[in-house]
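> Would you mind keeping the following structure in view while I ask a few things?
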Amino acid sequence: CGSTLTRFRPINIELGAGAGDWIRVQAIAKPAEDFVSVELRSDRVAQAFAKLMLCRSSKSAGSISNVCCVGAECGSFLRNRIANHSISTVYVNHPEPPTQTYGARYEDITNVEAGSEPAHMLNSESLIAAAKCLKPDGEGRLIIVTDNMWYGQLICKTFDIVMRRERGLLTQVELDSRDGFYRVGAGTVCLYGGSPNEAIAHASPSSDGGSSYFDRLWRTGAGTHAERRKRFAIVMRSYRQGDEERKPRSSTASHRSFKSMRQYSQTSRKSPGGANACAGKKKPNKKKSAAKQKRRNERRLLAKKLAVEHASTTSTK
């Protein structure tokens, strides 16, 4: 949008950029860097382009000339259009999980190790393509943010597969609790909870209170995403000499850790104080099996029927 991207400036890519809300905020906050917005759907590409062009008339934002909008499938774009070792940061914000065709059970995550990889944007081939585009020797980063803990763990498992297949390609960046992040679960590649901020190269939005489509949903309370206020991050960087190789945990340990993560998420959502209020106090998992739920409903119907009969008898007397 505007002038040609400068060759020697840092270049950042957002995959699955949607309508361009997030990348617009980042481009305004970082005028010395260039950005590429990549989106498959043509209507969203048009929306992003329009927002970036019309932003020229905004007194608060000024002219945006450091963003290029691209309509393409992410994996093929990275493999065929981007030179290796040329990108400073690849961002992915709230990617669409494969739950419609794959399911959202924690057992499905362990199936990835057996080669049962679902169809989604961040499959192993796309992650390898993104990693090869990054600047070498630890200078390039791949940053993923999601509000879906199950999908975040699936991506962690996919990274684990990629790092075993392609040695010397990626290393995880450990996030600091002083920056508001906490480790969730265990594994070779770990998921971190916490709000995206400057510590993971996410520029803070202005006074509008949100930098993306999902932020607006959270702020207005619209849709199911309004209930998902927890966010999770995975930050990887390009490999450099001297990186210590961590031994992968067993699949049983990963399976067990995700189950505890799911229970942690359920209790912390219901607690008004969040995770801290649940510390040291375990709440039972109220999810029932289909058979138990059926029996429970039958008892409720029977109790209601008896109550109606009793009320009818009392009124007759």
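The values are calculated or read from the model by the stated rules, or taken from the named source; none is laboratory data. Since this is a predicted model, take the numbers as computed values, not measurements. Every residue, glycine as well, gets a Cβ built from its backbone with ideal geometry; the counts of neighbours run over all protein chains shown. Surface areas here come from the heavy atoms of the whole protein model, side chains and all, with no ligands, DNA or RNA. Shrake-Rupley method; radii C 1.70, N 1.55, O 1.52, S 1.80 Å.
> Can you compute 3J(HN,Hα) from phi for each residue in the stretch 12-17, using the Karplus curve 6.51 cos²θ - 1.76 cosθ + 1.60 with θ = phi - 60°, rounded to whole Hz and x for Gly and Pro?
Per residue, the Karplus-derived 3J(HN,Hα) values read 10, 10, 10, 8, x, 6 Hz.
> Can you work out the FRET efficiency for the pair D137 and L54, with r the C-beta to C-beta distance and R0 = 45 Å, to the nearest 0.05?
Step by step, r from the Cβ atoms, then E = 0.70.
> How large is the accessible surface of E298 in square angstrom, using a 1.4 angstrom probe and rounding to the nearest 10?
Looks like 100 Å² after rounding.
> Using a 1.4 angstrom probe with every protein chain in place, what is the largest-first accessible-area order of R79, R299?
R299, R79
> Give me the one-decimal nm value for the distance between modelled label points at F8 and N197, 7 Å along each residue's Cα-to-Cβ direction.
3.5 nm
> On to the next question. Roughly how many Å² is the accessible area per residue of the stretch 145-204, as a whole number, for a 1.4 Å probe?
35 Å²
> Also, quick follow-up: Around I87, which amide H atoms from residues at least 5 apart in sequence, or from another chain, sit under 5 Å from its own amide H, with H modelled in the peptide plane?
Close amide H contacts, sequence-distant or interchain: L134, K135.
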